[in-house]
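The structure under discussion appears below in the form of structure tokens.
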Amino acid sequence: TIKGQTNSRKPRDELLGGLLTKEFDEESCLSRYHSSLYRKPSPYKPSQYLLSKLRIYEMLHKRCGPGTKAYKEAIKILGHYQNVSRSVGECRYIVWIAVYGLGNRILTLSSLFLHALLTGRIILLDQRTDIRSLFCEPFPGTSWLLPQDFPLTDQLDSFNKNGSHCYGTMLKNNTIKSTIRETVPSYLCLYLIHDYEDHDKMFFCERDQNLIRQVPWLVFNANLYFIPSLWLIPSYQTELSKLFPQKDTVFHHLARYLFHPTNQVWGMITRSYNTYLSRADETLGIQVRVLTKPAGYFQHVMNQILACTKRESLLPEVAATESKVTNTSTRPKLISVLVTSLYPEYSENLRTMYWEGPSSTGDMVQVYQPSQEVYQQTDKRLHDQKALAEIYLLSLTDKLVTSNSSTFGYVAQGLGGLRPWILYKPKNQTAPCVKAISMEPCFLRAPIYGCQAKTVKITRFVRPCEDRLTGLKLV
Ligand code: GDP
């Protein structure tokens with residue numbers, strides 16, 4: 001049987017407390033309604049206000065999405081300046097460009113979606129990469145994929161740092177001013193990549209948001225989870241508090257609403273789960289991301305993982321001899337450890353360790369690593385599908401150890417509603433790992449000066465991240 005599941009195979013809370021609509025055909029996307037067979041019910045309930053906002057969003061997306069009259073009207077104005085006093089129609093858009101790894105992409109998409117919810121826009125995804133083979137459509141009766149004949153498609157790759165249509169560059173070059181507003185451009189690029197500069201960060205200022213709000217098309221070239229800083233924009237704070245009375249659940253709810261693996265990925269997830277995790281009494285996920293150059297296997301990282309799991313009593317120790325086993329319980333536990341890493345050695349060493357010697361408690365420790373890809377190969381379909389399957393599998397474990405500053409781990413913890421133990425950067429730390437203060441992802445490059453300086457100081461629910469003191473996270 002599957003853990004926590006009743007025999008009938010009937011999902012307990014199929015619609016995740018009302019997050020999901022019933023409007024979809026189950027077969028086309030099994031993960032959407034089957035996740036509750038594999039996941040314990042979330043202790044965090046979405047607010048009624050969030051649910052109603054999502055249903056309103058779904059209607060808006062149907063009205064404004066690809067193929068509608070409104071969409072056809074909206075693409076006609078691209079390239080022309082818009083007089084702000086003239087209404088541009090009810091539909092305004094956010095375009096997402098796929099950049100960086102999968103974790104980065106998922107976090108950015110969630111941020112853009114929340115920005116869309118707050119400002120009455122809909123999001124459309126650049127589909128030149130393999131996004132369709134990863135995720136099902138989240139909105140019923142329409143599509144979140146940007147049509148391939150979108151007029152700006154050829155320009156999307158030029159929306160980079162210093163791109164002449166990007167807001168920061170335009171501010172720097174004085175080709176736009178956040179105060180004068182008789183006309184606005186029909187589209188703007190927002191550059192929010194980790195190396196962005198002060199002008200780009202003006203996106204997070206109230207005054208600039210007032211201007212940006214008027215622009216019909218916003219194209220985001222972004223790889224950051226910027227939701228913590230949206231809370232620091234005064235005019236958004238009241239609405240956000242209504243949407244998310246529990247502030248540390250933003251990503252948890254958004255991710256479970258938006259990201260449903262396709263049937264192919266779901267097959268990978270369920271096969272792994274049923275074979276390696278479902279029978280265990282306890283499961284532990286360990287995500288090993290090595291961000292040094294060169295990356296690979298390092299004994300000091302292995303030692304750190306062992307020190308963390310020992311210190312936090314996440315795994316039993318290996319006894320020197322059989323006679324040192326102190327188990328008193330009649331029924332030893334089966335502990336399944338799911339390791340994800342580009343490199344095979346970490347899980348191999350762990351597995352060998354528990355074979356060569358007995359665990360000191362008499363419990364059985366089984367170690368499993370689904371893939372060993374060695375190199376990051378973003379945009380190769382099967383590679384990305386494996387990455388998504390592993391993120392999802394990590395989110396199904398009872399307890400989780402993650403690597404610092406890794407968006408891959410952030411997504412797993414948020415989906416799973418887990419506060420992980422974060423492995424510190426191996427250096428200058430006395431402890432090997434620390435328990436996260438919340439399950440929220442870290443905004444790794446948050447603006448902390450400029451217009452946000454004051455609110456950063458006084459807002460108690462936005463704090464420095466455990467793994468990045470200059471980053472911000474919701475708690
Ligand atoms: P981050 O770089 O750690 O923040 O995470 P990202 O997901 O944005 O980028 C890392 C990419 O490397 C992933 O999307 C995968 O393509 C690959 N990768 C890194 N770690 C793993 C892993 O444990 N398993 C798999 N399958 N792929 C991984």
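The values are calculated or read from the model by the stated rules, or taken from the named source; none is laboratory data. Computed from a predicted structure; not experimentally measured. Here Cβ is always computed from backbone atoms with ideal geometry, including for glycine, and neighbour counts include all displayed protein chains.
Quick check on region 354-365. Is at least one of its residues under 18 Å from R289 (Cα atoms) and modelled with pLDDT of 95 or more? No, region 354-365 contains no residue that is under 18 Å from R289 (Cα atoms) and modelled with pLDDT of 95 or more.
State all residues of region 331-344 that are under 13 Å from I286 (Cβ atoms) and within 16 Å of the ligand (Cβ to nearest atom); if no residue qualifies, say none. Selection gives V337, L338, V339, T340, S341, Y343.
As a summary of the residue check, M302 satisfies the conditions (1) closer than 26 Å to T275 by Cβ; (2) out of contact with any Phe, Trp or Tyr (no Cβ under 9 Å at 6 or more places or on another chain); (3) modelled with pLDDT of 95 or more except for the one numbered (2).
Give me the residue from region 363-378 that is buried (at least 17 other Cβ atoms within 10 Å of the Cβ) and away from the ligand (no atom under 16 Å from the Cβ) and, out of that set, nearest to L388 (Cα to Cα). Per the stated criteria, the residue is V365.
Residues that are out of contact with any Ser or Thr (no Cβ under 9 Å at 6 or more places or on another chain) and of a type outside the set (D, E, K, R) were ranked within region 186-202; the one that is surrounded by the fewest Cβ atoms within 10 Å (Cβ to Cβ) is H194. As a summary of the residue check, G471 satisfies the conditions (1) in contact with a Leu (Cβ under 9 Å, 6 or more places away or on another chain); (2) under 20 Å from C308 (Cα atoms) except for the one numbered (2).
Taking the criterion of being of a type in the set (A, V, I, L, M, F, W, C), within 12 Å of the chain's Cα centre (by Cα) and either within 15 Å of the ligand (Cβ to nearest atom) or crowded, with 24+ Cβ neighbours inside 10 Å (or both), would at least one residue in region 422-431 satisfy it? No, region 422-431 has no match at all.
Does any residue of region 95-104 turn out to be of a type in the set (A, V, I, L, M) and in a helix (DSSP H, G or I)?
The first filter runs over region 95-104 and keeps only residues of a type in the set (A, V, I, L, M), leaving 95, 97-99, 102.
Still in the running and in a helix (DSSP H, G or I): 102.
Yes.
With respect to L107, determine if the residue is away from the ligand (no atom under 15 Å from the Cβ) and either modelled with pLDDT of 95 or more or not in a loop (DSSP other than H, G, I, E, B) (or both). Considered against the rule, which asks whether it is away from the ligand (no atom under 15 Å from the Cβ) and either modelled with pLDDT of 95 or more or not in a loop (DSSP other than H, G, I, E, B) (or both), L107 comes out as no. Do you know which residues across region 258-301 are more than 21 Å from the chain's Cα centre (by Cα), part of a loop (DSSP other than H, G, I, E, B) and closer than 20 Å to E348 by Cα? Scanning region 258-301 gives A280, A295, G296, Y297, F298.
Considering T402, T309, T397, the condition of being near the ligand (Cβ under 10 Å from one of its atoms), modelled with pLDDT of 95 or more, of a type in the set (V, I, T) and within 24 Å of E440 (Cα to Cα) is satisfied by T402 alone.
Taken over region 39-54, the criterion of being of a type outside the set (A, V, I, L, M), assigned to a helix (DSSP H, G or I) and surrounded by 14 or more Cβ atoms within 10 Å (Cβ to Cβ) is satisfied by Y49, K53.
Of the residues making up region 340-377, those that are in contact with a Lys or Arg (Cβ under 9 Å, 6 or more places away or on another chain) and β-branched (V, I, T) are T340, T361, V365, V367.
R460 fulfils the conditions (1) out of contact with any helix residue (DSSP H, G or I) (no Cβ under 8 Å at 6 or more places or on another chain); (2) surrounded by 23 or more Cβ atoms within 10 Å (Cβ to Cβ); (3) not polar (S, T, N, Q) except for a single criterion, (2). Among the residues here, Y225 does not qualify as farther than 19 Å from Y100 by Cβ and aromatic (F, W, Y).
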